[in-house]
Amino acid sequence: MAVEELQSVINRCQILEEQDFKEEDFGLFQVAGQRCIDEGHIDQLLEIIQNEKNKVIIKHMGWNLVGPVVRCLLWNNKEDDKRKYFLMLDLLIKLCNPKELLLGLLELIEEPSGKQISQIILLLLQPLQTVIQKLHSNKAYSVGLALSTVWSQLCLLPVPYSEEQIQTDNYGLCQCCMALIEFTKPFVEEVIGDKENSLENEKLKDELLKFCFKSLKCPLLTAQFLEQSEEAGNDPLRCFASEIIEPLRPQISTLFPQPLMLLTSIPLAHSRQTVGILSAIGHPFPKMIFNHGRKKRTWDYLEFEEEEDKQLADSMASLAYLVFVQGISIDQLPMVLSPSYLLQFNMGHIEVFLQRTEESVFCKGLDLLENGLLRIEDNSLLYHFLEIKSFLTVPQGLVKVMTLCPVETLRKKSLAMLQLYINKLDSQGKYTLFRCLLNTSNHSGVEAFIIQNIKNQIDISLKRTYNKWFTGPQLISLLDLVLFLPEGAETDLLQNSDRIMASLNLLRYLVIKDNENDNQTGIWTELGKIENNFLKPLHTGLNMSKAHYEAQIKNNQENSQEVQKSKDICSITVGGEDLPNMPPEMQLKVLHSALFTFDLIESVLARVEELIEIKRSTSEENTGIK
């Protein structure tokens, strides 16, 4: 019945000119064709499509059958039927109006969700490529529309992060990425082959460039890569990245003046001759990296200037990571670029990584920072680099990761990177960074870490080479940020215990190492102020805090039997805040732990005051002898 209905529609349309086809005819053709497919009349439908007399009808109406055919390919597991459906799809792609086919195929790509996304993309990319190549106008727009549609769907797929997930590729993202490279190849070749640089060719370049930027952001920004070993060659996401950015070596010459290029003419190890998309369309990655963020833009169109400011930060950061950490096309960079020069360019990208919330992106920021810092000698990074915003915001970002990130390995690596960064700065740079972090970190543990570093620098200055930044007036100015209590005697000593202990240890060190008569650090001149602003308020605060916690322990013990009888969970207030609900025994442990901390602070404080008195007495005796 369905075949007869379809044949009836075709017989009526065969005697009409194509401009006389009515909307009703399109609807009847679609319904009848759908029924043929649903009822399994595949062979009869193939005969109708292949009939030369129906060529004009199929050209204008056949695209309506593509959707049903594609769905059958996805759901029908019979090999013989699938072979016929593939043949039918090929015929429809060959015979139908390419403009209508393009829209139909893109609608089909937008439909699915979950694992079906990759299935339909892998099925339709090659037909989509064929359809676009048949278009005689607006090819660039069509390529851009297709790439944008596919990319939007790929963004819905989870990015594999482990070696096992990459190899199994359950959601098909890796397969789709490699298929996309194949999809773009004829259009890249078309750009290369157009020697006249026509307007349409420039538009096609732009669309391919947008695709590269989008791909650098998703999936490559969050993608994890296999270790750089023999297995790395089997990493599809790494291969995808290489295909996008791998440039030809000669194209670097467009970036730098001739004298510089003469210095880079030394043969490069393992120089590849593979043309990646970026390079092929006239945007080799060194040009993009070294011009990103400059006031003078290098894009040929205003649209890309606006895009650069709003959207490209993530893409450029991803590109920098792929080049400097993964080593993709690293041999294309001029060999004369200094480590500090490269670090300066990458700090903005590192800042972008650290502003994100994904664990894998944090890791990339830390890896890129480590890569840049390890190239630099200790104490050689000049202080004036800290005048560049990112050189201060990056260590502040490290502090946030250290204090807020739930992943212990990332917290530890951030701490290691902050220490490495400190080691690379010159003395004035260290001094400037210490002041910045003491004023901005708002975290006792971080402040204790900085105070320990200050102590280390003072020790180096006293034992090895005199350093004006960690002795005398400059040091006293820095110690004003260390040897004080933010809220006087009412400071929360428990919350600030790490900072207070580090400050006391620093003061103890200064009293021991610097005699009053020498006073290299200037500490003895300022001792009266330190006693008034730090030691005396600390005494008062300790007495208040210990009395408060002892009272809480007493109340807790008095109420514990009643709580045990009722078997309820009790709460207790410490420092104006409620402790989390917990059994009385656990609360007692917390309170006793706090008292132990206060006792520890008090013992160090007593030792500091004892040393001060001993040093003063010794100094007075020496003065008397003289």
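Scanning segment 160-200 for residues that are open to solvent by 30 Å² or more (accessible area, probe 1.4 Å), touching a residue at least 24 places away in the same chain (Cβ under 8 Å) and assigned to a loop (DSSP other than H, G, I, E, B) yields 161, 162, 170, 171.
Restricting 551, 547 to those that are at pLDDT below 90, over 19 Å from residue 608 (Cβ atoms) and aliphatic (A, V, I, L, M) reduces the list to 551. When residue 185 is tested against the conditions (1) of a type in the set (D, E, K, R); (2) farther than 26 Å from residue 127 by Cα; (3) modelled with pLDDT of 90 or more, the lone failure is (2). Inside segment 514-523, residues that are under 49 Å from the mean Cα position of the chain (by Cα) and touching a residue at least 60 places away in the same chain (Cβ under 8 Å) make up a count of 1. Among the residues of segment 363-380, those identified as closer than 19 Å to residue 159 by Cα and crowded, with 22+ Cβ neighbours inside 10 Å are 364, 365. Open to solvent by 70 Å² or more (accessible area, probe 1.4 Å) and touching a helix residue (DSSP H, G or I) at 6+ places or on another chain (Cβ under 6 Å): is that true of residue 508 in this structure? Criteria met by residue 508. When 32, 2 are checked against the criterion of being farther than 15 Å from residue 61 by Cβ, of a type in the set (A, V, I, L, M) and either modelled with pLDDT under 75 or surrounded by 16 or more Cβ atoms within 10 Å (Cβ to Cβ) (or both), a single residue qualifies: 2. Here the condition is being over 30 Å from residue 586 (Cα atoms), hydrophobic (A, V, I, L, M, F, W, C) and not in a helix (DSSP H, G or I); of 523, 512, it holds for 523 alone.
Applying the selection to segment 342-357, what residues are among the β-branched types (Val, Ile, Thr) and either open to solvent by less than 30 Å² (accessible area, probe 1.4 Å) or assigned to a helix (DSSP H, G or I) (or both)?
350, 352
Is it fair to say residue 410 is in contact (Cβ under 8 Å) with a residue 40 or more places away in the chain and either crowded, with 18+ Cβ neighbours inside 10 Å or not in a helix (DSSP H, G or I) (or both)? In short, no. Residues in segment 203-221 include at least one that is among the aliphatic types (A, V, I, L, M) and over 22 Å from the mean Cα position of the chain (by Cα).
Residue by residue through segment 35-65, note down the ones that are open to solvent by 60 Å² or more (accessible area, probe 1.4 Å) and of a type outside the set (S, T, N, Q). Steps first, please.
So the first thing to find is which residues in segment 35-65 are open to solvent by 60 Å² or more (accessible area, probe 1.4 Å), and the list is 35, 38-39, 43-44, 47, 50-53, 55-56, 59, 63.
Selection gives 35, 38, 39, 43, 47, 52, 53, 55, 56, 59, 63.
Just one of the listed residues (338, 360, 329) is open to solvent by less than 10 Å² (accessible area, probe 1.4 Å) and at pLDDT below 95, namely 329.
State yes or no: is residue 569 modelled with pLDDT under 95, β-branched (Val, Ile, Thr) and within 45 Å of the chain's Cα centre (by Cα)? Full working, then the answer.
Numbers: modelled with pLDDT under 95: yes; β-branched (Val, Ile, Thr): yes; within 45 Å of the chain's Cα centre (by Cα): yes.
So residue 569 passes the test.
Sub-8 Å Cβ pairs linking a first residue in segment 472-487 that is under 13 Å from residue 506 (Cα atoms) and touching a residue at least 40 places away in the same chain (Cβ under 8 Å) to a second residue that is in a helix (DSSP H, G or I) and basic (Lys, Arg), at least 6 apart or interchain, are 478/435; 481/435, ordered by first then second residue. Starting from residues that are closer than 23 Å to residue 443 by Cβ and either open to solvent by 60 Å² or more (accessible area, probe 1.4 Å) or not in a helix (DSSP H, G or I) (or both), keep the ones in segment 471-486 and report whichever is modelled with the lowest pLDDT. Once the filter is applied, the top-ranked residue is 486.
For the residues 380, 441, 427, 414, the requirement of being closer than 20 Å to residue 352 by Cβ and of a type in the set (Gly, Ala, Ser) singles out 414. Among the conditions (1) modelled with pLDDT under 90; (2) surrounded by fewer than 18 Cβ atoms within 10 Å (Cβ to Cβ), the only one that residue 247 does not satisfy is (2). Name, by its number, the condition in (1) modelled with pLDDT of 90 or more; (2) closer than 19 Å to residue 616 by Cβ that does not hold for residue 516. Evaluating residue 516 over (1) modelled with pLDDT of 90 or more; (2) closer than 19 Å to residue 616 by Cβ leaves (1) as the failure. Per the conditions (1) of a type outside the set (S, T, N, Q); (2) open to solvent by 80 Å² or more (accessible area, probe 1.4 Å); (3) out of contact with any Ser or Thr (no Cβ under 8 Å at 6 or more places or on another chain), the sole criterion not satisfied by residue 95 is (2). Out of 562, 526, 577, one residue alone is among the charged types (D, E, K, R) and at pLDDT 80 or above. It is 526. Residues in segment 102-147 that are exposed (fewer than 15 other Cβ atoms within 10 Å of the Cβ) and within 26 Å of the chain's Cα centre (by Cα): 113, 114, 115.
Quick one: count up the residues across segment 413-434 that are open to solvent by 10 Å² or more (accessible area, probe 1.4 Å) and either polar (S, T, N, Q) or over 21 Å from residue 362 (Cα atoms) (or both). Residues in segment 413-434 being open to solvent by 10 Å² or more (accessible area, probe 1.4 Å) and either polar (S, T, N, Q) or over 21 Å from residue 362 (Cα atoms) (or both): 8 in total. So, residue 277, is that one open to solvent by less than 70 Å² (accessible area, probe 1.4 Å), within 29 Å of residue 150 (Cβ to Cβ) and either in contact with a Phe, Trp or Tyr (Cβ under 6 Å, 6 or more places away or on another chain) or modelled with pLDDT under 70 (or both) or not? The answer is yes for residue 277.
Does segment 584-599 contain any residue that is at pLDDT below 80, in a loop (DSSP other than H, G, I, E, B) and surrounded by fewer than 15 Cβ atoms within 10 Å (Cβ to Cβ)? Steps first, answer last, please.
Of the residues in segment 584-599, the ones at pLDDT below 80 are 584-585, 587.
With in a loop (DSSP other than H, G, I, E, B) added as a condition, the list becomes none.
No, every residue in segment 584-599 fails to be at pLDDT below 80, in a loop (DSSP other than H, G, I, E, B) and surrounded by fewer than 15 Cβ atoms within 10 Å (Cβ to Cβ).
The values are calculated or read from the model by the stated rules, or taken from the named source; none is laboratory data. Bear in mind that the values here come from a model prediction, so they are computed numbers and not experimental data. Backbone-built Cβ (ideal geometry, glycine too); neighbour counts: all protein chains shown. With ligands, DNA and RNA removed, areas are computed over all heavy atoms of the protein, side chains included. Shrake-Rupley method; radii C 1.70, N 1.55, O 1.52, S 1.80 Å.
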